[in-house]
Amino acid sequence: MLAELLTEIERQDEGDGREPLVSLELFFEDNDDHGSIGGNLSEHPGVPAFYATLRRVRDRADVTDVLVGISVVPGGGEWPFSDRVQVVTSAPAGDVHAWVAELVPDSVAQKARAVTVWWG
């Protein structure tokens, strides 16, 4: 899965400084690198716990998607690093924080809201 993940990251790299966003499956399947996410946690819950929690969040009726932001691609066969996920939801940030509390995030911030423009 690492090869597919790296291919997707490369596909999204347009040199504009925007962080690639990948699916939960692409980031977490076959990933056993505790340093790939939550590396600053003194008691890391494990990559499978991150994956399970974020899938539960994505499965909520008020969540459209959960995407993993890729911060660093170290190379050398190491798994890319993420320091954030994007939760696309109609729920307020406080609710999202409660959903992921077991992952001990440093912060949960609502930076923007999606606005749907619809035809049809």
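Its Cα centre serving as origin, the chain has a Cβ charge dipole (Lys and Arg +1, Asp and Glu -1) of approximately 560 debye.
Remark on Val85: its backbone amide H falls under 5 Å from those of Gly69, a criterion applied only to residues 5 or more positions apart or on other chains, H modelled at 1.01 Å from N.
Scalar couplings 3J(HN,Hα) for the range 79-88, obtained by applying the Karplus form with A = 6.51, B = -1.76, C = 1.60 to θ = phi - 60°, are 6, x, 9, 10, 10, 6, 10, 10, 9, 8 Hz; x denotes Gly and Pro. Couplings for the range 52-63, taken from phi via the Karplus curve 6.51 cos²θ - 1.76 cosθ + 1.60 with θ = phi - 60°, read 4, 5, 5, 5, 4, 4, 4, 6, 5, 5, 8, 10 Hz in order; Gly and Pro are left as x.
The phi-based Karplus calculation (6.51 cos²θ - 1.76 cosθ + 1.60; θ = phi - 60°) puts the 3J(HN,Hα) values of the range 100-108 at 10, 3, 5, 8, 6, x, 5, 7, 10 Hz, whole numbers, x for Gly and Pro. Calculated [222 nm] ellipticity per residue, helices only, for the chain: -8000 deg cm²/dmol; basis is -39500 (n - 2.57) per DSSP H run with n ≥ 4, divided by all residues, nearest 500. Distant-in-sequence amide contacts of Ile37, defined by a placed amide H-H separation under 5 Å and a gap of 5 or more residues or a different chain, comprise Ser82. Sites count as exposed loop sites when they are GluC sites (Glu not before Pro), lie in a DSSP loop, and have at most 10 other Cβ atoms within 10 angstrom; the longest stretch of the chain without one is 44-120.
Under the classification rounded if a/c is under 1.5, otherwise prolate if a/b is larger than b/c and oblate if not, where does the chain fall, given a ≥ b ≥ c as square roots of the Cα gyration tensor eigenvalues? Oblate, since a/c reaches 1.5 and b/c is not below a/b.
Read-outs throughout are calculated quantities, based only on the coordinates presented, and are distinct from any laboratory measurement. Please read all numbers here as calculations on a predicted model, not as lab measurements. Because the Cβ atoms are built from the backbone with ideal geometry, glycine has one as well, and the counts that use them run over all protein chains shown.
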